[in-house]
């Protein structure tokens, strides 16, 4: 079972590190007018889930969502997973596997979870499902931000 929180308490959805640190994020911000607005919600097991509807101006190849956008959505979901569990960490490595073309229609389901903690390193995984098909997956390592 995934868990991203080193403590047993989870923050409320109203006041999180995401709100404090990512208020202008190009992927998850509600305040940034240019944001993709892909907000994840915290699940009871510490994982997160979000939804995203692709738009034609984000096209890469003909009728497909750009791979860079897919990668950014995965990275953001993993970051939000940590932030919503009160962990301030940043991406150190990111390995993405494109499995199927990404249509410019419908709604994508984006999920992320923490697979393992080792001191200041968090091993994460995420995936995007469109029309019942896993189109892209990612694994990453995040490292804690040293508090000053």
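The values are calculated or read from the model by the stated rules, or taken from the named source; none is laboratory data. Being a predicted model, the structure only gives us computed values, none of them experimental. Backbone-built Cβ (ideal geometry, glycine too); neighbour counts: all protein chains shown.
Quick look at the values:
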quantity: Of residues in region 114-138 being within 19 Å of residue 93 (Cα to Cα) and not in a strand (DSSP E or B), the one modelled with the highest pLDDT; calculated: 120
quantity: Selected residue (only one of 111, 71, 93 is part of a strand (DSSP E or B), surrounded by 13 or more Cβ atoms within 10 Å (Cβ to Cβ) and modelled with pLDDT of 90 or more); calculated: 111
quantity: Condition check for residue 141: assigned to a strand (DSSP E or B) and over 22 Å from residue 29 (Cα atoms); calculated: yes
quantity: Tally of residues being over 21 Å from residue 142 (Cα atoms), within 15 Å of the chain's Cα centre (by Cα) and assigned to a loop (DSSP other than H, G, I, E, B) across region 43-68; calculated: 1
quantity: Filter pass, residue 65 being within 22 Å of residue 24 (Cβ to Cβ), surrounded by 19 or more Cβ atoms within 10 Å (Cβ to Cβ), touching a helix residue (DSSP H, G or I) at 6+ places or on another chain (Cβ under 9 Å) and modelled with pLDDT under 95; calculated: no
quantity: Some residue of region 95-112 being in contact with a helix residue (DSSP H, G or I) (Cβ under 9 Å, 6 or more places away or on another chain), over 24 Å from residue 65 (Cβ atoms) and touching a residue at least 60 places away in the same chain (Cβ under 8 Å); calculated: no
